[in-house]
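Take a look at the structure below.
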Amino acid sequence: MIELVSVNKIYSKGPHQIAASNNISCTIQQGEFVAIVGKSGSGKSTLLNLLAGLDTATSGKILFEGTDISSFNANQYAQHRLNNIGIIFQSFNLIFSKTALENVMLPLIFAGYSTAARKQKAQQALEMVGLGDRMQHKANELSGGEAQRVAIARALVNDPKVLLADEPTGNLDSATTQEILDILLSLKTRGKTIIMITHDQEIAAQVADRILTIKDGLLSE
Amino acid sequence: MTISDLITMARQNLWRTRLRTMLTLIGVIIGIGALISMVSFGIGLERNITDKFKSNDLFTSLTISTKAFSFKGGPRGRNKPEQKTESAVPLNDSLITVIQKRPEVAIAYPRLTIPVRAALYHDTSETNLGSLPMSMAKYPPYNQLYDGRYFSSDSALEAIVSLDFLRQLGLEVCTKDKLAHYQQTDTALTLALSDTLIGKELSLYSAALKSTSPFAMMGGIENMIGEEETKVKIVGILKEEQFSGPAMREEIILPIATAKKMPSLGFDRISDMISNKNKGNQYASIYVKTKSMDDLGKLKKFLDKQKINYFAVDDGLAEMKKAFLILDSVLGIIGLISLLVAGFGIINTMLMSILERKREIGIMKAVGGKNRDIRMIFFFEAGFIGLVGALGGISLGYGLTRIANLIVNNQYMKNADEFVDMFSFPWWLIGGSVLFSIIISLLAGLYPAIRASSIHPIDALRQTG
């Protein structure tokens, strides 16, 4: 489903060049739950940004269902994310001034759904993550676990093919971490392709079908 | 994204920073308020003057005269030596008949101006006497007299007098309902109720040629010219008008046949008298009223073709319109400057908003928002400020102009017969102000919107808070 072919991402800092992704090649199958494990600064978030189309590779190809997305422009990436990718961030990245429901409805606004349709879909997504009773709460009134569940609902609401989770449990306590992992596992059973970035080997081992390790921008199985 | 989504988002986002939004809005409101009140003043001034002209039918009338006049450079032909300054056709009854028969003409009659000495009670005043036919009764200002009525016939021994003429006789005239107001006014004139003057006899003394024989001349001018009295009854009093009808310079108006019968010298120059060149049936000017403004143009073409000199107020209309256009532009520019300042306020507000909402922009991009969507969100916010500011500005401008009207009418125009609205709010001004405010706001929002849309999502998502 996703294929990376000799992907490089090089940042220039003055005279120095830092390879955040170093000649990465790998393939991720549909329905797979892949964990990318690495320490802080290893280049795992850069890799997720490249997969999400939030950043562009310096060289190499990223194929999504056979289409090379590495040459997309900003609007094509946005459309790609809207149709195919759901992103879950470590810091939730919710709009605090909006309610849980409004946050979940946000991608549907860009997708052009009617008000009624987007409300219905957002409600379903929130109910699926167990937040049916917290829909009208502002994002800043939610606990960390609830906020992350809202973020998952938002990532799922437009029915993407791939879920990218960047340290989804990084800011959560162990009980809440388990709740979030359970949700992710349930999504895997529904056929979603999930790529999770984490620094925690145990979490990766608990949920992933396959673990990829990244170190200094080099990816290994 | 639908327009409805964009409007909702703009409203929500602006409401979130309501204090800053309000401060920005105040700038736009003041800008639009200034613009609309300035321009409405210019339009109001133009309307008041042109309406006055129109209400007195000055745009549908002209005066044929022996001498030519122009609004540009004095007498017509000054810069055109080949053009005659005297009409080629004599101004007599035959010409009146020809003109009267033209399809575009409603009325044509000779303007008789006779210098007279008028006596009412024991006071006398020297003035000019004019004349009007019965057919002018239906036209302003003669159909709306201050008091009394129009003549009963063309040959009636009746007169309509002006308020100015009565002032010359030491009388300040008022109607019963305005008596109390006039009693408080400090004036040296004797206060008189208008209805008490209606029906009063007015003696008119005009100069008449007694003899032009050489013997009479040898005996002195007093042997040649005498004074004859004509008694008429005052039947009406003219309203005070800045721009009145065809007999505007005359303070006493008589029915045309009565005026024709009045003894007068019948010549313009003393040399004519000596040479006995009495013009007889020839007039100094002829007043012509057309059926419409278009008809006036047709008549002017005919008169130009016949080389007949005329004076028409509408000749000055184009010049007047140019002057008003300049005035409106100057007033508009003053308002525009205020609005431009408000525009910079919008830019500042939007840029501040982008800084604060950088992370939000990143989130929107991460969930599928395109650059165009982000641009439109900020564009609509700017437009929303423009729309609400325009509505507020129109209300402010309207309110201020109403207050200005009240102050001016109550303080400086107490004696005016009717309330004078100095401002005009045509629909195009209101609609134009809204449109203009939105355009200025959108232009002001253009740079911030482009800047917001060009923010890299990763940079935006890194922002904390």
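On the given criteria, is B:ILE430 modelled with pLDDT of 90 or more and within 22 Å of the chain's Cα centre (by Cα)? So B:ILE430 fits the description; yes.
In the stretch A:79-119, what count of residues is obtained for those that are at the interface with another protein chain (Cβ under 7 Å from one of its Cβ atoms) and in contact (Cβ under 8 Å) with a residue 12 or more places away in the chain? Result for the stretch A:79-119: 10.
Taking the stretch B:355-375 as the range and being surrounded by fewer than 21 Cβ atoms within 10 Å (Cβ to Cβ) and more than 9 Å from chain A (Cβ to nearest Cβ) as the test, the residues that pass are B:LEU355, B:GLU356, B:LYS358, B:ARG375. Report yes if A:TYR11 is within 30 Å of B:ARG357 (Cα to Cα) and assigned to a strand (DSSP E or B), otherwise no. Yes: the conditions hold for A:TYR11.
The single condition among (1) at pLDDT 85 or above; (2) surrounded by 15 or more Cβ atoms within 10 Å (Cβ to Cβ) that B:LYS101 does not meet is (2). Pull up the stretch A:112-140, narrow it to residues that are of a type in the set (Gly, Ala, Ser) and touching a Lys or Arg at 6+ places or on another chain (Cβ under 8 Å), then point me to the one that is nearest to A:GLU102 (Cα to Cα). Ranking the candidates gives A:ALA139 first.
Consider the stretch B:116-158. How many of its residues are in a strand (DSSP E or B) and under 16 Å from B:LYS239 (Cβ atoms)?
The total comes to 4.
So, B:THR66, is that one at pLDDT below 80 and more than 28 Å from the chain's Cα centre (by Cα) or not?
Judged against the criteria, B:THR66 is a match.
The values are calculated or read from the model by the stated rules, or taken from the named source; none is laboratory data. Because the structure is predicted, anything quoted here is derived from the model rather than measured. Here Cβ is always computed from backbone atoms with ideal geometry, including for glycine, and neighbour counts include all displayed protein chains.
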